[in-house]
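Chemist: Below is a structure I'd like to ask you about.
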Amino acid sequence: MRVMAMVKRILKQLIRDKRTIGLLIFAPILVLTMLYFVFTGDDYIPRIGLVDVPEPFIEQLDDEKATLTTFKAEGEAEEKVAAQELDAYIKFVDNQPELVLEGSDPTVTGATMEWVQESFQPGEQENVPQLKVDTLFGSDDMGQFDYFGPVLLGFFVFFFVFLIAGVSFLRERTTGTLERLLATPLRKWEIVVGYVIGFGIFTMIQSTIIASYAVYVLGMVMEGAFFHVLLVILLLALTALSLGILLSTFAHNELQMMQFIPIIVVPQIFFSGLFNLDTIAEWLSWISYVTPLYYAADALRDIMVRGYGFAEIYMNLIALLGFTLFFMMMNILVLRKFRTM
């Protein structure tokens, strides 16, 4: 009987917490749905440039499994590859074909090489010359970890800063510290900025340690400047910090704060570039543009894998700064609720 009484108490407690019941059902369905669309997407179709390639050679290529674009000059094709608008281009040097790969994404490189091997097989035809392969970015010893590492680096920084900031600010509320601050002459924006700077200092130290460990201990590829990596990580951490503080105002305890993770944090990993966004349905891929992790992952890959500098990543930095300012403004608006209570 005592066990039954305990069971009834727990059931009543769960039934009263409608948010928990909703997330117990909705969150797994949401994650499984995203996994379905990610793993059942279309096959990747390589985008290949042809630089002044002879017509007989073009006729040998399979144009049904690749998007072919012709160019008169190599410089134009190389610019397209550098901008990730092409995956590779083929040119002729001394009457010998040469394939230049973008090279930073092992998945795309694999799909491109598979298409090349299917449509261009030396040995089966006597008039087919040997194909020389070169890469614009990356190297032969570049592995999966080097390509996915920058995304995972950003994800883990975002995840832990979001969680720590949310729970810490929640405690400020539940212990009455926030209520006492709101009773002082401090303005709402001063409270928000104070919290962001206070947590931000800790976040900056944490981000520096994590990025240094990934690069200098784990040997993650680093073609660009480490300072730019720190800049991206810091802005991403500030975004996660301000978002965590914002969402903590809608939670009443740590359990409810944790429930935001499968709704807010986990979906970002699917649209961060960890999986090829070109194979995801177009009606779903737009989500990537409203997720901070997408911009951070894109900037980190540009720096660490492609060796780009500030001129190529500043738009991503602006996007991250915009997210941070937007979430801070929302925090100021939400604080009115507590001041008027």
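The values are calculated or read from the model by the stated rules, or taken from the named source; none is laboratory data. Not measured: the values here are computed from a predicted model. So basically every Cβ, Gly included, is an ideal-geometry build from the backbone, and we count neighbours across all protein chains shown. Just so you know, the surface numbers come from the protein's heavy atoms only, side chains and all, with ligands and any DNA or RNA stripped out. Shrake-Rupley method; radii C 1.70, N 1.55, O 1.52, S 1.80 Å.
Chemist: Specify the residue that is least open to solvent (accessible area, probe 1.4 Å); the eligible residues are those in the stretch 288-330 that are in contact (Cβ under 8 Å) with a residue 24 or more places away in the chain and among the acidic types (Asp, Glu).
Modeler: Top of the filtered list is Asp302.
Chemist: Quick one: in the stretch 77-94, which of the residues that are open to solvent by 60 Å² or more (accessible area, probe 1.4 Å) and outside any strand (DSSP E or B) is farthest from Asp302 (Cα to Cα)?
Modeler: Asp94
Chemist: Right, another one. How about the stretch 95-153: which of its residues are charged (D, E, K, R), open to solvent by 60 Å² or more (accessible area, probe 1.4 Å) and at pLDDT 75 or above?
Modeler: Glu114, Glu118, Lys132, Asp134
Chemist: Could you go through the stretch 49-62 and let me know if any residue there is among the hydrophobic types (A, V, I, L, M, F, W, C), modelled with pLDDT under 75 and in contact with a helix residue (DSSP H, G or I) (Cβ under 8 Å, 6 or more places away or on another chain).
Modeler: no
Chemist: Being among the basic types (Lys, Arg) and open to solvent by 100 Å² or more (accessible area, probe 1.4 Å) is the filter; apply it to the stretch 4-50 and report the residue that is nearest to Leu277 (Cα to Cα).
Modeler: Checking each candidate, the answer is Lys18.
Chemist: Moving on. If we scan the stretch 1-14, do we find a residue that is farther than 30 Å from Gln96 by Cβ, in a helix (DSSP H, G or I) and either small (Gly, Ala, Ser) or under 37 Å from the mean Cα position of the chain (by Cα) (or both)?
Modeler: Yes, the conditions are met somewhere in the stretch 1-14.
Chemist: Can I ask one more? For residues that are among the small types (Gly, Ala, Ser), buried (at least 16 other Cβ atoms within 10 Å of the Cβ) and touching a residue at least 60 places away in the same chain (Cβ under 8 Å), tally how many sit in the stretch 210-251.
Modeler: Within the stretch 210-251, residues that are among the small types (Gly, Ala, Ser), buried (at least 16 other Cβ atoms within 10 Å of the Cβ) and touching a residue at least 60 places away in the same chain (Cβ under 8 Å) number 8.
Chemist: Additional query: Among the aromatic types (Phe, Trp, Tyr), modelled with pLDDT of 85 or more and open to solvent by less than 40 Å² (accessible area, probe 1.4 Å): does that describe Phe169?
Modeler: When the stated conditions are applied, Phe169 does not pass them.
Chemist: Just checking, how many residues over the stretch 46-74 are part of a loop (DSSP other than H, G, I, E, B) and in contact with a Ser or Thr (Cβ under 6 Å, 6 or more places away or on another chain)?
Modeler: Count: 3.
Chemist: Of all residues in the stretch 164-178, which are assigned to a helix (DSSP H, G or I) and among the small types (Gly, Ala, Ser)?
Modeler: Ala165, Gly166, Ser168
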